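Undergrad: Here it is, the structure in full.
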Amino acid sequence: MNPSSYRRIWKVVRRIPKGRVATYGQIARLAGLGGAARLVGYALHALPDDERTVPWQRVINAQGRISPRGFPGAEEVQRRLLLREGVRFDRRARIDLARYGWKER
DNA sequence: AATTTGACCATAA
DNA sequence: GTTATGGCCAAAT
């Protein structure tokens, strides 16, 4: 048993409830890859565009912001998806993790 | 086989 | 508030 780490990551991401967000580091920890936050970003980047069972938009960085992509404009898509779920951003495009952060061990 | 790269994080100054 | 550094893992070159 050692399904690809990507699959474990996606599995964890699927558990994030609607209207909540989690950080890359948090996902890595829950997936048993503590410390390997970068891998989470990489795994999400590798998701097919038509994938809809994984709520990738609920994963943000530790600063409560949407991580910059290579492609400009992608951030806006994510922001829109989150707004549609009821997640609010403050004036500096940051999310209050104390309020919207996913609490789970 | 070795090196580079990436949607990151915590810590230090 | 900022910038720099080291650590972590898998996929692509």
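The values are calculated or read from the model by the stated rules, or taken from the named source; none is laboratory data. Fair warning: this is a prediction, and the values are worked out from it, not measured in the lab. Virtual Cβ from ideal backbone geometry, glycine too; neighbours counted across all protein chains shown.
Undergrad: If we keep just the residues of the range A:3-36 that are touching a helix residue (DSSP H, G or I) at 6+ places or on another chain (Cβ under 6 Å) and aromatic (Phe, Trp, Tyr), which is surrounded by the most Cβ atoms within 10 Å (Cβ to Cβ)?
TA: A:Tyr24
Undergrad: If A:Arg99 passes every condition in (1) within 18 Å of A:Val13 (Cβ to Cβ); (2) without any contact (Cβ under 8 Å) to a residue 40 or more places away in the chain but one, which one does it miss?
TA: It fails just one condition, (1).
Undergrad: How many residues does the range A:34-63 hold that are modelled with pLDDT of 90 or more, near DNA strand C (Cβ under 10 Å from one of its atoms) and either under 25 Å from A:Ala98 (Cα atoms) or of a type in the set (Asp, Glu) (or both)?
TA: Of the residues in that region, 7 qualify.
Undergrad: Name the residue that is farthest from DNA strand B (Cβ to nearest atom), counting only residues in the range A:37-68 that are of a type in the set (Lys, Arg), surrounded by 12 or more Cβ atoms within 10 Å (Cβ to Cβ) and closer than 23 Å to A:Arg7 by Cα.
TA: Start the filter on the range A:37-68 by keeping residues that are of a type in the set (Lys, Arg), which leaves A:38, A:52, A:58, A:65.
From what is left, the residues that are surrounded by 12 or more Cβ atoms within 10 Å (Cβ to Cβ) are A:38, A:58, A:65.
Narrowing further to those that are closer than 23 Å to A:Arg7 by Cα: A:38, A:58.
Numbers: A:Arg38: 4, A:Arg58: 9 Å.
Ranking the qualifying residues of the range A:37-68, first place goes to A:Arg58.
Undergrad: Here's another thing I want to ask about it. I need every pair where a residue in the range A:69-81 that is exposed (fewer than 13 other Cβ atoms within 10 Å of the Cβ) has its Cβ under 9 Å from the Cβ of a residue that is assigned to a loop (DSSP other than H, G, I, E, B), sequence separation at least 6 or different chains.
TA: A:Glu76/A:Ile66
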